[in-house]
Each structure stands twice: as C-alpha cells, then as structure tokens.
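I have placed the structure first, in the form of structure tokens, so that the comments after it can refer back to it.
Rule-based calculations on the coordinates, nothing more; no lab input. What you are looking at is a predicted structure, and each value in this text was computed from that prediction instead of being measured. Every residue, glycine as well, gets a Cβ built from its backbone with ideal geometry; the counts of neighbours run over all protein chains shown.
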Amino acid sequence: MGAVVEFKRWIAGVSGSIRNTEWRAVVSRRYGSRMRRFSKVCDLTGPGTSSCNFDVVGTDLGIPVELPGGRELAWIFGDTFSGVAPGTPGWRSPVLLRSADQPLEDGVEFCSCAGKGQARRLVRGSNRGRTTWLPADAITIGDATYLFAMRNDGLHNVTQTRIFASTDAGESWKKTRAKWSGKHDAGNMQLITWVQGPPEDNWIYVFSTGFQRNKPLFLYRVAVDDVTNPKAWVPWGWTEDTGWRWGNTATPVLTGQFGEMSLRRVDGKYVLVWFDAGGYQIQAMVLDHPTDNLFETRQYTLLRGTSWEDENHAVGDVAQLYGGYIVPGSTLDDLHISVSQWNTTTNKVYKAMLFHGSLPR
C-alpha cells in the first residue's frame, strides 16, 4: 500500500492531468472551425488490451517512437499502475512497451516491455514521495534513442528536465550530460517535442513550453551530434533590430495554453499536434518548416473535448482528453495519434487510445 499512499500525496491539491475546473470551464465552447473529425481505432491500454500482459493497466501518454532498425515501435507511458485507476498498487513512471511493425488500422498489439515480464520504471528514483519523472518526447538518432523527461515534485512542479539515452531498444537508460533546471528560460523549456530534419539538414528542431498548461510555445534547434550538449541548444527569437533569428533570446512563436505536443515529419511536411488546454481540444498544424509564422498558419481541430455524457469517439468528441502523439508510419491521408483520457471525478477511466483521420496536403 506504500505506493498508493505516496501517489495520493503526490497529486494532493490537484485532480489529475486534466483539472475538473479546466475542462468544465470550456466544455460548452467550440473552438477551431476547421474540424477534421478524427475517430477512434482502439484502446491502447486498460482492461482487455495487450498492455495488461506487462502489468500496465492504468496509464497515460503513450509516446510512440521508432526504435533503431525500424522493426519495432517503443511506446513510452507516464504514471502507470497495476490497477485501472491512479492510486492503485504498482506505481511506476515512465514505462515502455514495444509493438512490432504492423498496419495501424488493425490496432496495436504490444509484444514486449522494458523489464522482465513486468514493465519497470525507466528512471531510477522515480515514484518516491512526491517525485515522478514524466516523459515529454523521445527521438531515435542512429543507434540510440533519447528520452526527454521532466522531474515533477508534485504534479506540474517541474524542478529538473533531463535527456536519457538507450542503445538497447529501450531496455535500459542512462543519464546524459543534458539537464536543465525547471526554471531554465523562465520555465518555458519543461515540456518539449522534437524532430530531426531531412538528411540534408543537420538540425533537430524543438518546440517547448511549460508544464502548467498556461504558457506559450517556443522554438529551439540543436545540431544532431550535439543533442546531449545543453549549451548547444539555440533559441529562435525576435528583436526589432534583427527580426527573427537563431541565437536571439527565445520569443513566443505562438501564444496559447499548450499541453502535450508532438512534432514529426510526415510526407515531407512538419506536422505539429498538441493539446490546447484553453480550447479543450487536440489541435494540429501542417508546416513547411518549424520557423514558419505560426500566427498565420491554419489550425485544425482533430478532437474536441466534451462532457462524459456527450462522448462520441466515432466523431472525435472525447471527455477529459489530453496528449496527442503522432504514430510513426502515419501519412497526411491517414494520421494516427495516441490520445489520453482520465476521469478525475470517478477515477474509473485512465488510459491511452489510438485515433486516426486526415490532414490536408
């Protein structure tokens, strides 16, 4: 029962990843006129799914990343429990499941985990007292996979971020020299998403924000070979003298209330998907380049938040939704995303799901 007590202490003062007041305040409003009507493919986790084979029952996030070799995907989850609900035994975070390369329209079947039978926590020292390490995003470069994770000492109180590296298909992870205080750049580089440019581009592009769902979006880049060198991360900023330029002080590239996000290259474009906490919806943009003017870029609503009574996953109406991670293998005509849901009132629903739909070219 120790883990249960510690988790309840950790979430004291908040109701969960989606606060009740956060979604109730906007449930009657409809933002984003460009609705794409994404629909549900399947549950990724929870009772009756293959995640249970690895003692992953109640969990969220599910950040998919292609592992070296391209034959398997890793799915990295956040706070994980042996029971359906947060606060049940077996608290671990983050954890990793693997799936073989397969048609996404058939759903996802997990075939292995990081750990011996039971998916174990990837970061040593997580889930002690009020501390949990939560994944932000992962990327594979050559023979290594890198995980950007946030240390939370109490939910949304990020005290440190760090990059961990694995060279054995996500089985074990080691600290790299890349770490930052939670206060770095005024707390605007806590939650990130990243993507490597095309072969002729030697940069990794990083969108970042805070983890409180009340901050705008910022942009950085780092050379591929320097991803674990914190001094090599260069902000994109604007001044009256220079205009937009790399190396200026970081300037918001888009205002709003950003939550979890996912930046990936899809069909030669850069696609950004994110949880819009202010609008209670999952949004997307299709970009030619991360430095595009996001203020003038069309946004698309993939999923809309709704009440539990009005849910309809077939038409993209989802209660207490968050996340929104692009699955490798997606195309603009058939984009798959991992989306989370937590009923913070009853605590009976806490899972990751797979949705799909299309975006314009």
Prolate/oblate/rounded label for region 75-233 (Cα gyration tensor, a/c 1.5): oblate
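How high is the relative contact order of region 88-180, given as a whole-number percent (alpha carbon pairs under 8 Å, six or more residues apart)?
On the way: 166 pairs, mean separation 19.0, N = 93.
Once divided by the residue count of region 88-180, the mean separation gives 20 percent.
How would you classify region 125-205 from its alpha-carbon gyration tensor, with a ≥ b ≥ c the square roots of the eigenvalues: rounded for a/c under 1.5, else prolate if a/b is greater than b/c, otherwise oblate? Write out the running numbers ahead of the final one.
Numbers: a/c = 2.71, a/b = 1.44, b/c = 1.88.
Taking the square roots of the gyration eigenvalues as a ≥ b ≥ c, region 125-205 is oblate.
Rounded to the nearest 0.05, what FRET efficiency is calculated for His289 and Ser39 with R0 set to 35 Å and r the Cβ-Cβ distance?
Working: r = 30 Å, r/R0 = 0.85.
Plugging the Cβ-Cβ distance into 1/(1 + (r/R0)^6) gives 0.70.
Please give the contour-minus-distance gain from Ser358 to Asp168: 0.36 nm per residue of separation, less the Cα-Cα distance, rounded to one decimal in nm. Walk me through the intermediate numbers first.
Details: separation 190, 0.36 × 190 = 68.40 nm, distance 3.37 nm.
Value of the extension gain: 65.0 nm.
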Cβ crowding within 10 Å averaged over residues, with 334-345, 62-73 ranked highest first: 334-345, 62-73
Cα-Cα over 29 Å, subset of Lys175/Lys215; Lys215/Lys351; Lys179/Lys348; Lys40/Lys348; Lys231/Lys351: Lys179/Lys348; Lys231/Lys351
Neighbourhood charge, 11 Å Cβ-Cβ cut-off, centred on Gly182 and excluding it, Lys, Arg +1 and Asp, Glu -1: +2
Value of [θ]222 nm, deg cm²/dmol, for the chain, DSSP H segments ≥ 4, -39500 (n - 2.57) each, nearest 500: -1000 deg cm²/dmol
For peptides 316-323, 144-151, sequence by mean Cβ density within 10 Å, most packed first: 316-323, 144-151
Packing rank of 239-246, 291-298, where each peptide gets the mean count of other beta carbons within 10 Å, highest leading: 291-298, 239-246
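List Lys348, Lys175 from most exposed to least, where exposure is judged by having the fewest other Cβ atoms within 10 Å. Present the calculation step by step, with values, prior to reporting the outcome.
Numbers: Lys348 10, Lys175 13.
Ascending Cβ contact count within 10 Å gives the list Lys348, Lys175.
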5 angstrom amide H check on Leu254, placed H, neighbours 5+ away: Leu217
The chain - share of DSSP beta bridges that are antiparallel (%, nearest 5): 95
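Could you tell me the relative contact order of region 2-357? Use alpha-carbon pairs under 8 Å, at least six residues apart, and round to a whole percent.
It comes to 19 percent, rounded to a whole number.
Magnitude of the Cβ-charge dipole of region 2-357, K/R +1 and D/E -1, about the Cα centre, nearest 20 debye?
Numbers: 38 positive and 36 negative charges, 280 e Å.
Dipole about the Cα centre, nearest 20: 1340 debye.
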Charge sum, other residues only, whose C-beta stays under 9 Å from Lys351's C-beta, Lys/Arg counted +1 and Asp/Glu -1: -2
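Would you mind ranking Arg36, Arg124 by Cβ crowding within 10 Å, fewest neighbours first?
Working: Arg36 18, Arg124 9.
With the fewest neighbours first, Arg36, Arg124 line up as Arg124, Arg36.
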Matching label, semi-axes √(5λ) of the Cα gyration tensor in Å computed from the structure shown, candidates (i) 38, 23, 21; (ii) 45, 28, 21; (iii) 27, 24, 21: (iii)
